[in-house]
Each structure stands twice: as C-alpha cells, then as structure tokens.
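K.L.:
This structure is in structure tokens; I'll ask about it shortly.
The values are calculated or read from the model by the stated rules, or taken from the named source; none is laboratory data. Please read these numbers as outputs of a predicted model, since none were measured by experiment. A quick note on method: Cβ atoms are made from the backbone with ideal geometry, for glycine too, and the neighbour counts reach across all protein chains shown. Surface areas here come from the heavy atoms of the whole protein model, side chains and all, with no ligands, DNA or RNA. Shrake-Rupley method; radii C 1.70, N 1.55, O 1.52, S 1.80 Å.
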Amino acid sequence: MNKIVANAEEAIKGVESGMTLMLGGFGLCGIPENCISALVKSGVKDLTCISNNAGVDDFGLGLLLQKKQIKKMISSYVGENDEFERQMLSGELEVDLIPQGSLAERCRAGGAGIPAFFTPAGYGTEVAHGKEVRFFNDKPHILEAALTAPFAFVKAWKGDRFGNLIFKGTARNFNPVMAMAGKITVAEVEIMVEPGELDPNTIHTPGVFVQRIFKGTNYEKRIEQRTVRPKI
Amino acid sequence: MLDKQGIAKRIAQELQNGWYVNLGIGIPTLIANYIPEGIDVVFQSENGILGMGPFPFEGEEDADLINAGKQTITALPGAVIFDSSNSFAMIRGQHVQLTVLGAMEVADNGDIANWKIPGKMVKGMGGAMDLVASADNIIVAMMHTNRKGHSKLLKQCSLPLTGVRCVKKIVTNLAVLDVTDQGFKLIERAPGVSVEEIQAATEGRLIVEGDIPEMQF
C-alpha cells in the first residue's frame, strides 16, 4: 500500500472547474496550505468550497477568492475577509452559511454513510427554512443532509504511506471529518514517517479514509489573532 | 453601573465546581479572569479543546493552538484536543454545563439574535446556533442598551434569530435578570443603579417583585 504522491500538483490531479471541494482548517489553523497554492496555480474555476471559514484577504482560501476561482462557499463563519464580503454583497459569490456543529456533523455523516440527521441547531431561525421539522423528546429538530465531495483536502502533522494521520493541537478541527467525507481525500503532512512509526493507538484518522498523501513544504502557519500575556 | 470587566466578574459568581463551560467571544472571554476561589471549572472552546488555559507568554505562541476566536492560547495539564464533530457532540449532547455568549438582542421569551444584521454584517453564526439550541444553561453577557441608547432587552427580536426560547439569564451593565414565562424578572441591580433606570432601559416585559438587592462583589 503506497498512497504517496510527489507533490501538491500531483495531489490535486483530477480537480476540475465547477467541482465541490472540502478543505479542513479553522481560521488559518490546520489549513492545507500546499494544496490551496496548487489550486490557485492550476487556475480551476467555479469551485464550490466547503470550509468552516474563508481565510483572510491574502492567505488561505482568500487566495482563491482573490483570483475569483470560487463560485460558492459553504461555511459557518466568514468574517475577517474584506474581499469575501465585497464579492458576497455584490452577488458575485454565493454563500451558504450553516451552524458550525451542523457543518461538522454533515461531513461526518457523509463519510459515515448516514444520509441525514435531526439536530436542534437552527430551529426557528432562517437556517431552518424549507427543512423538515420533527419533535423528539418534546423538542423541535430540523433535518440536515449529509455532505460529501469528490475531493477533500486536509492537513495533518504526521502521516505514513498508508494514509494514517495524526494531527497536532487544535489544527485537528474539521480535518478528520472532511477526510471521511471526500471521495478522493488528499492529505498533506508536515512529517512523513515509515509505517509502524505511528502508534496504532494514537492515530486520529485511519488511512482507509485517505487516498493521496504527500509531505508539504514551506509551511507558513500564519497566526490570525496573536494574543499573549506579559512575562512576570 | 458596571463596565465589561464588572459584567464578567458578576457572571463568574454563577460558576459551580466541576462545570464544563463554553465562553463566547467578547465579554464572556473575560470571565476566565475572575473564577472564584475554590471553584474548579474546565473551559471548552468549540474548535476542539477542553482545558483551555491563559494566553501564552510572548514568544511562546503556537499557530497550532488557538481558541474559537482564533486567538493563541495554552493548554492546561489535563487538557484534551478533539475534532469539530466531537466538540459539538459535547455541546449538543449537553455535556457542557454552561454557555455564556454575547447578544445584539434578547426577547422576553428567551429568543436571542446575535449573528446577522441584514445588509450590514453577515459574518456567519459560527457555533452559536448549536450552542444556544442545546445548552441547558445559557447566560447572555451584554450591555443593556446599544450604541444609540436603544434597549437590547425587547418584547420581540427585530434581527434574524440565533435561537428561540433559550436564554435563561442575562447579566448587563445595569442588572441581573432571569428569563421567565412572564418576561424578564429583575434579580439584582448593578451598584448605584435604580430600579427606575433599569425599567427605562428595558423595552420587554419586566417583572419587579419586592426589594431588588444590589449586586455584591
């Protein structure tokens, strides 16, 4: 079993204009930097991107927005990005905002073979429009459909050629659930190790969910809100 | 009248030993600075950590360790990291005992609006809708009136809702109020604030029963 591809350019082979992509990360934490750069270079257009956030103006998914390669965003929070706001208000960009927990669970369900589920989140709000409502334990819930995508791009700390992944810190976030929901899941890792080096008890994403893996380069890992306390 | 720190300090008095607590962005974040002596709580951040600690010392920031406000944080001994679906399983499954969040409007039936001003601010709801739909105990931390001086405690929210009939308690710069079936029930006054001032700043139904004590710090 060897899922290693040479680089990001190889890893994104098959992505075409008009496709739906999932991209892991929370803010700029744990985003697939190498794959995003390769997608920008490839010039694919009219993408639908499922990602919790939309990056900032000059980093993360903001780079794809700048080049107007994204047609639609499916996200939970898209602040901190002026170009995004401009494209959305002018109608160039279609945006589907969904509650963060529902977004995570919709991806997990997609990867787990569960087509839809009921959740209380969003009941009585505009998120519930057009969705079936059902009461369980006397509480109203809305029906949310699973999400899948032909490609999912995730970023992990360590991985092996089987596609087994370990994430670091809160860079884990949406990456494991999106890895599950991609038909072709591409993992970029900071450190590639030999099979057996990862303790089977501590692997976060089993390699079965990953189709392509490569060692990323030049990680910038930009910090969005640097907050510190003074040394006493 | 309280400032933002005062609101945080008053809400900190609500914390109970052994609770898991999710703090929203803004005033709620400040609560972590005022945990009462002898109270042991664990802070959850919905991007995937339990046991969130204070901001790191300068030079020790880690891009791979942030909170839901995207701020760099630290992890306390006993902390645990998990993915987003597990994080919201904790929230939806009511394993987190208290959620504190800010609001733009709260109605006297417990409805809350805090995510969207049509045509002006469309940043998204993040985890707020999941949090308010599921948490048993929701406290709103906010100023009693908005910048124009209009009440934020209303008969009915005018902005798009985040959740319905979910807010249990509100702590503002003027008062502590419980949300009841009959409307906002005045529990405490901020230092130096009269019942009349609170009545004047509250548009929704306000219940005032007997003498209303001043907050104690």
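K.L.:
Please identify every one of the GluC sites (Glu not before Pro) in region B:2-55 that sits in a loop by DSSP and has no more than 14 other beta carbons within 10 Å of its own beta carbon.
P.N.:
B:GLU37
K.L.:
Which one, B:SER85, B:ALA200, B:ILE73, projects farthest toward the positive side of the charge dipole computed for the protein assembly as shown from Cβ point charges (K/R +1, D/E -1)?
P.N.:
Positive-most Cα among the choices belongs to B:SER85.
K.L.:
While we're here: So what is the relative contact order for chain B, in percent, with contacts set as C-alpha pairs under 8 Å and at least six apart?
P.N.:
Once normalised by length, the contact order is 19 percent.
K.L.:
Please give me, ordered by residue number, the GluC sites (Glu not before Pro) of region A:162-232 that lie in loop per DSSP and have at most 15 other Cβ atoms within 10 Å.
P.N.:
A:GLU197, A:GLU220
K.L.:
Tell me, which residues of region B:83-115 get at least 50 Å² less accessible area when the other protein chains come in, versus the chain alone (1.4 Å probe)?
P.N.:
Those are B:ASP83, B:SER84, B:SER85, B:ARG92, which lose 50 Å² or more relative to the chain on its own.
K.L.:
Keeping all protein chains in place, calculate the accessible area per residue for region A:1-155 (probe 1.4 angstrom), answer in Å².
P.N.:
39 Å²
K.L.:
Here's another thing I want to ask about it. So how strong a dipole does the protein assembly as shown carry about its Cα centre when Lys and Arg Cβ are +1 and Asp and Glu Cβ are -1, to the nearest 20 debye?
P.N.:
Dipole about the Cα centre, nearest 20: 780 debye.
K.L.:
Also, quick follow-up: Find, among the GluC sites (Glu not before Pro) in region A:10-54, those assigned to loop by DSSP (not H, G, I, E, B) with at most 16 other beta-carbon atoms within 10 angstrom.
P.N.:
Sites meeting the loop and neighbour criteria: A:GLU16.
K.L.:
Determine the order of A:ILE114, A:ILE184 by accessible area, beginning with the largest, at a probe radius of 1.4 Å.
P.N.:
A:ILE114, A:ILE184
K.L.:
Which value at 222 nm does chain B reach when only helices count, each DSSP H run of 4 or more adding -39,500 (n - 2.57), with the total divided by all residues and rounded to the nearest 500 deg cm²/dmol?
P.N.:
Theoretical 222 nm ellipticity from helices: -4000 deg cm²/dmol.
K.L.:
Taking B:LYS70 as the anchor, which lysines have their alpha carbon closer than 18 Å to its alpha carbon, excluding any fewer than eight residues away along the same chain?
P.N.:
A:LYS155, A:LYS168, A:LYS221, B:LYS123
K.L.:
Quick one: which of B:LYS116/B:LYS152; A:LYS41/A:LYS67; A:LYS71/A:LYS183; A:LYS131/A:LYS183; B:LYS116/B:LYS169 span more than 19 angstrom between C-alpha atoms?
P.N.:
The pairs that break the limit, which is 19 Å between Cα atoms, are A:LYS71/A:LYS183; A:LYS131/A:LYS183; B:LYS116/B:LYS169.
K.L.:
Continuing with the same structure: So what are chain A's ellipsoid semi-axes, whole angstrom, largest first, if each one is the square root of 5 times an eigenvalue of the alpha-carbon gyration tensor?
P.N.:
Whole-Å semi-axes of the equivalent ellipsoid: 28, 22, 19.
K.L.:
Taking chain B as a Gaussian network, Cα atoms linked when under 10 Å apart, which of B:ARG147, B:ARG205, B:ARG92 shows the biggest mean-square fluctuation?
P.N.:
B:ARG147
K.L.:
Another question about this same structure. Normalised by the residues of chain A, what does the relative contact order come to in percent, with Cα pairs under 8 Å and at least six apart?
P.N.:
Relative contact order for chain A comes out at 23 percent.
K.L.:
Here is a further query. Using a 1.4 Å probe on the protein chains only, how many percent of the accessible area of region A:92-147 belongs to carbon and sulfur?
P.N.:
Using a 1.4 Å probe with all protein chains present, region A:92-147 comes out at 50 percent carbon and sulfur.
K.L.:
How would region A:28-165 be classified by its alpha-carbon gyration tensor: rounded, prolate or oblate, with rounded meaning a/c under 1.5 and the a/b versus b/c comparison settling the rest? Numbers along the way, then the final one.
P.N.:
Numbers: a/c = 2.37, a/b = 1.36, b/c = 1.74.
The shape class here is oblate.
K.L.:
Can you compute the helix-only [θ] at 222 nm over chain A? Use -39500 (n - 2.57) per DSSP H run of at least 4 residues, normalise by all residues, nearest 500 deg cm²/dmol. Working shown, then result.
P.N.:
Numbers: 6 runs with 47 residues, N = 232.
Only helices count here, giving -5500 deg cm²/dmol.
K.L.:
Under Stokes-Einstein, with the Kirkwood radius over Cα pairs standing in for Rh, what whole-number D in µm²/s applies to the protein assembly as shown at 25 °C and 0.890 mPa s?
P.N.:
Calculated translational D: 108 µm²/s.
K.L.:
Among DSSP beta bridges whose residues both lie in the protein assembly as shown, state the antiparallel percentage, nearest 5.
P.N.:
On the way: 34 of 81 bridges.
Percent antiparallel among DSSP bridges in the protein assembly as shown is about 40.
K.L.:
Hey, another quick one. Express the accessible area of region A:190-232 per residue in Å², computed with a 1.4 Å probe while the remaining protein chains stay in the model.
P.N.:
Numbers: 2900 Å² over 43 residues.
I get 68 Å² per residue for this part.
K.L.:
Further question on the same structure: Which percent of the accessible heavy-atom area of chain B goes to carbon and sulfur, probe 1.4 angstrom?
P.N.:
48 percent
K.L.:
Estimate for me the total accessible surface buried between chains B and A (protein heavy atoms, probe 1.4 Å, no ligands or nucleic acids), in Å² to the nearest 100. Provide the component values of the computation, followed by the final result.
P.N.:
Numbers: alone 11250 and 11830 Å², together 18910 Å².
By this definition, chains B and A bury close to 4200 Å².
K.L.:
Of A:GLU94, A:GLU132, A:GLU144, which is the most mobile in a GNM of chain A whose springs link Cα atoms less than 10 angstrom apart?
P.N.:
A:GLU132
K.L.:
Here's another thing I want to ask about it. How shielded is B:49-60 by partner chains, expressed as the average number of their Cβ atoms within 10 Å of its Cβ atoms?
P.N.:
3
K.L.:
Let me ask another. Can you give me the % of accessible surface on region A:31-91 that is carbon or sulfur? Probe 1.4 Å, all protein chains present, nothing else counted.
P.N.:
Numbers: 1020 of 2130 Å².
C and S atoms contribute 48 percent here.
K.L.:
While we're looking at this one, here's another question. Quick one: the Cα spread of region B:1-141 along its three principal axes, in angstroms, biggest first?
P.N.:
Answer, in whole Å and largest first: 40, 32, 32 Å.
K.L.:
Can you pull the mean other chain C-beta count within 10 Å for peptide A:74-85?
P.N.:
Mean inter-chain Cβ contacts per residue within 10 Å come to 3.
K.L.:
Another question, then. Only Cα pairs within less than 10 Å get springs; with that Gaussian network setup on chain A, which residue of A:GLY62, A:GLY182, A:GLY122 has the largest fluctuation?
P.N.:
Answer for the Gaussian network model of chain A: A:GLY122.
K.L.:
Report which residues of region A:216-232 become buried by 20 Å² or more of accessible surface when going from the isolated chain to the complete set of protein chains (1.4 Å probe; DNA, RNA and ligands ignored).
P.N.:
In region A:216-232, residues shielded by partner chains: A:LYS221, A:ILE223, A:GLU224, A:GLN225, A:ARG226, A:THR227, A:VAL228, A:ARG229, A:LYS231.
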